[in-house]
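Asker: Got a structure here, written out as C-alpha coordinates. Questions coming.
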Amino acid sequence: VQLQASGGGSVQEGGSLRLSCAASGRTLLSSTVGWFRQSPGKEREFVACMRWRTGLRNYADSVKGRFTISGDVAKNTLYLQMNSLKSEDTAVYYCAAKSRPELSVLSSSYTHWGQGTLVTVSS
(Lines give C-alpha, C1' and ligand atoms only; values in the text may rest on other atoms or scores of the structure.)
Protein backbone atom coordinates (compact mmCIF):
# COMPACT_ATOMS: atom_id res chain seq x y z
CA VAL A 1 0.00 0.00 0.00
CA GLN A 2 1.21 3.49 -0.83
CA LEU A 3 0.36 6.38 1.48
CA GLN A 4 0.28 10.05 0.53
CA ALA A 5 -0.05 12.59 3.33
CA SER A 6 -1.21 16.16 2.85
CA GLY A 7 -2.86 19.05 4.64
CA GLY A 8 0.01 20.48 6.63
CA GLY A 9 0.55 24.19 6.89
CA SER A 10 1.04 27.13 9.20
CA VAL A 11 -1.52 28.10 11.82
CA GLN A 12 -1.63 30.19 14.98
CA GLU A 13 -2.07 28.68 18.41
CA GLY A 14 -5.64 27.72 19.05
CA GLY A 15 -6.27 27.08 15.38
CA SER A 16 -7.18 23.88 13.54
CA LEU A 17 -5.89 21.78 10.69
CA ARG A 18 -6.99 18.53 9.10
CA LEU A 19 -4.37 16.18 7.74
CA SER A 20 -5.24 13.61 5.08
CA CYS A 21 -3.53 10.39 4.10
CA ALA A 22 -4.70 8.84 0.84
CA ALA A 23 -3.96 5.18 0.35
CA SER A 24 -3.56 3.31 -2.92
CA GLY A 25 -2.75 -0.23 -3.86
CA ARG A 26 -4.80 -1.85 -1.10
CA THR A 27 -7.79 -1.02 1.01
CA LEU A 28 -7.06 0.21 4.51
CA LEU A 29 -10.20 -1.48 5.82
CA SER A 30 -8.26 -4.46 7.16
CA SER A 31 -5.38 -2.37 8.50
CA THR A 32 -4.41 -0.59 11.65
CA VAL A 33 -3.45 2.96 10.79
CA GLY A 34 -1.73 5.68 12.70
CA TRP A 35 -0.23 9.14 12.81
CA PHE A 36 3.22 9.94 14.17
CA ARG A 37 5.16 13.17 14.33
CA GLN A 38 8.75 14.26 14.56
CA SER A 39 10.15 17.59 15.69
CA PRO A 40 13.70 18.74 14.96
CA GLY A 41 16.16 16.98 17.23
CA LYS A 42 13.54 14.63 18.62
CA GLU A 43 12.57 11.05 17.95
CA ARG A 44 9.43 10.19 16.04
CA GLU A 45 6.54 10.01 18.48
CA PHE A 46 3.13 8.39 18.45
CA VAL A 47 0.09 10.64 17.99
CA ALA A 48 -2.92 8.40 17.31
CA CYS A 49 -3.92 5.07 15.83
CA MET A 50 -7.08 3.31 14.76
CA ARG A 51 -8.17 -0.19 13.92
CA TRP A 52 -10.25 0.61 10.86
CA ARG A 53 -12.61 -2.37 10.94
CA THR A 54 -13.55 -2.05 14.62
CA GLY A 55 -13.13 1.68 15.11
CA LEU A 56 -10.92 1.18 18.16
CA ARG A 57 -8.70 4.20 18.72
CA ASN A 58 -5.78 5.20 20.89
CA TYR A 59 -4.28 8.65 21.41
CA ALA A 60 -1.16 10.05 22.95
CA ASP A 61 -1.93 11.85 26.20
CA SER A 62 -0.56 15.07 24.75
CA VAL A 63 -3.25 15.20 22.04
CA LYS A 64 -6.18 13.49 23.74
CA GLY A 65 -9.28 15.66 23.56
CA ARG A 66 -7.79 17.86 20.84
CA PHE A 67 -7.01 15.49 17.96
CA THR A 68 -9.33 12.99 16.27
CA ILE A 69 -8.29 10.16 13.96
CA SER A 70 -10.87 8.98 11.45
CA GLY A 71 -11.20 7.42 8.05
CA ASP A 72 -13.33 7.39 4.92
CA VAL A 73 -13.66 3.87 3.59
CA ALA A 74 -15.02 4.95 0.22
CA LYS A 75 -12.08 7.27 -0.34
CA ASN A 76 -9.57 4.92 1.32
CA THR A 77 -8.31 7.96 3.17
CA LEU A 78 -7.19 8.51 6.74
CA TYR A 79 -7.62 11.83 8.53
CA LEU A 80 -6.26 13.59 11.58
CA GLN A 81 -8.38 16.50 12.75
CA MET A 82 -6.27 18.75 14.95
CA ASN A 83 -7.97 21.39 17.08
CA SER A 84 -6.71 23.78 19.75
CA LEU A 85 -3.24 23.54 18.30
CA LYS A 86 -0.28 24.47 20.46
CA SER A 87 3.22 25.53 19.51
CA GLU A 88 4.52 22.19 20.79
CA ASP A 89 2.45 20.45 18.10
CA THR A 90 4.85 21.82 15.50
CA ALA A 91 6.36 18.84 13.71
CA VAL A 92 6.44 16.81 10.53
CA TYR A 93 3.46 14.47 10.67
CA TYR A 94 3.55 10.99 9.13
CA CYS A 95 0.75 8.53 8.43
CA ALA A 96 1.42 4.83 8.72
CA ALA A 97 -0.29 1.48 8.30
CA LYS A 98 0.20 -2.13 9.31
CA SER A 99 -1.65 -5.36 8.66
CA ARG A 100 -1.57 -6.86 12.13
CA PRO A 101 -4.74 -5.96 14.05
CA GLU A 102 -3.41 -4.82 17.41
CA LEU A 103 -3.22 -1.11 18.11
CA SER A 104 0.36 0.01 18.58
CA VAL A 105 2.18 3.15 19.67
CA LEU A 106 5.49 1.83 18.35
CA SER A 107 6.62 3.21 15.02
CA SER A 108 8.66 0.06 14.44
CA SER A 109 5.49 -2.03 14.22
CA TYR A 110 4.17 -0.12 11.19
CA THR A 111 5.23 -1.39 7.78
CA HIS A 112 4.02 1.31 5.43
CA TRP A 113 4.66 5.02 5.71
CA GLY A 114 3.63 8.14 3.89
CA GLN A 115 5.91 11.07 3.32
CA GLY A 116 5.70 13.71 6.01
CA THR A 117 3.64 16.84 5.98
CA LEU A 118 4.84 19.85 7.98
CA VAL A 119 2.64 21.49 10.60
CA THR A 120 3.85 24.78 12.04
CA VAL A 121 1.99 26.35 14.97
CA SER A 122 3.02 29.87 15.88
CA SER A 123 2.36 31.62 19.16
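Asker: Evaluate the distance, in nm, between pseudo-label points positioned 7 Å from the Cα of Ser99 and of Ser122 along their respective Cα→Cβ axes.
Answerer: Reported label-point gap for Ser99 and Ser122 is 4.5 nm.
Asker: Length gain on complete extension for the stretch Ala74 to Ser39, per 0.36 nm per residue less the alpha carbon to alpha carbon distance?
Answerer: On the way: separation 35, 0.36 × 35 = 12.60 nm, distance 3.21 nm.
Result: 9.4 nm gained on full extension.
Asker: Between Leu106 and Ser10, take the C-beta separation as r, use R0 = 35 Å, and let me know the FRET efficiency to the nearest 0.05. Please report the intermediate quantities before stating the final value.
Answerer: Details: r = 30 Å, r/R0 = 0.85.
Calculated transfer efficiency: 0.70.
Asker: Just going by the charge dipole of the chain, with Lys and Arg at +1 and Asp and Glu at -1 on Cβ, which of Asn76, Val11, Cys95 is farthest out on the positive end?
Answerer: Farthest towards the positive pole: Asn76.
Asker: Counting only C-alpha contacts under 8 Å and six or more residues apart, can you give the relative contact order of the chain as a whole percent?
Answerer: On the way: 316 pairs, mean separation 44.7, N = 123.
Taking the mean separation of contacting Cα pairs over the length of the chain, I get 36 percent.
Asker: Also, I was wondering about something else. Sort region 80-123 into rounded, prolate or oblate with this rule: let a ≥ b ≥ c be the square roots of the eigenvalues of the Cα gyration tensor; rounded if a/c is under 1.5, and if a/c is not under 1.5, prolate when a/b is larger than b/c, oblate otherwise.
Answerer: Numbers: a/c = 3.00, a/b = 2.19, b/c = 1.37.
Cα axes put region 80-123 in the prolate bin.
Asker: If you count, for each residue, the other Cβ atoms within 10 Å and average over each peptide, how do 1-7, 27-33 line up from highest to lowest? Spell out each step's value before the answer.
Answerer: Numbers: 1-7: 16.7, 27-33: 18.9.
So the peptides 1-7, 27-33, ranked by packing, come out 27-33, 1-7.
Asker: Ok, one more. Express the carbon and sulfur contribution to the solvent-accessible surface of the chain as a percent, rounded to the nearest whole number, probe 1.4 angstrom. Don't jump to the answer; show the numbers that get you there.
Answerer: Details: 3000 of 6100 Å².
It is 49 percent, rounded to a whole number.
Asker: Please calculate the 1.4 Å probe accessible area of Asp61, with all protein chains present, and give it to the nearest 10 Å².
Answerer: For Asp61, solvent-accessible area is about 130 Å².
Asker: Also, I was wondering about something else. Using the Cα centre of region 60-102 as the reference point, and only Cβ charges (+1 on K/R, -1 on D/E), how large is the resulting charge dipole? Debye, rounded to the nearest 20.
Answerer: Values: 6 positive and 5 negative charges, 20 e Å.
The calculated dipole for region 60-102 is roughly 100 debye.
Asker: Using r as the Cβ-Cβ distance of Arg51 and Lys86, and R0 as 41 Å, what FRET efficiency do you calculate, to the nearest 0.05? Working shown, then result.
Answerer: Values: r = 27 Å, r/R0 = 0.67.
Calculated value: 0.90.
Asker: Treat every Asp and Glu Cβ in the chain as -1 and every Lys and Arg Cβ as +1, leave all other atoms uncharged, and give the resulting dipole magnitude about the Cα centre to the nearest 20 debye. Write down the numbers at each step before the final one.
Answerer: Values: 14 positive and 8 negative charges, 76 e Å.
Computed about the Cα centre, the dipole is about 360 debye.
Asker: Then there's this: Name the lysines eligible as straight-distance cross-link partners of Lys64: C-alpha to C-alpha under 20 Å, and not fewer than 8 places from it in the same chain.
Answerer: Cross-link targets: Lys86.
Asker: Provide Lys86, Lys64 ordered by accessible surface of protein heavy atoms (probe 1.4 Å), highest first. Mind dumping the intermediate values first?
Answerer: Working: Lys86 80, Lys64 115 Å².
Listed by decreasing accessible area, they come as Lys64, Lys86.
The values are calculated or read from the model by the stated rules, or taken from the named source; none is laboratory data. Values in this document were obtained by computation on a predicted structure and should not be read as measured data. Note: ideal-geometry Cβ built from the backbone for every residue, glycine included; neighbour counts use all protein chains shown. For the accessible areas, the whole protein counts, side chains as well, though only heavy atoms, and no ligand, DNA or RNA atoms are used. Shrake-Rupley method; radii C 1.70, N 1.55, O 1.52, S 1.80 Å.
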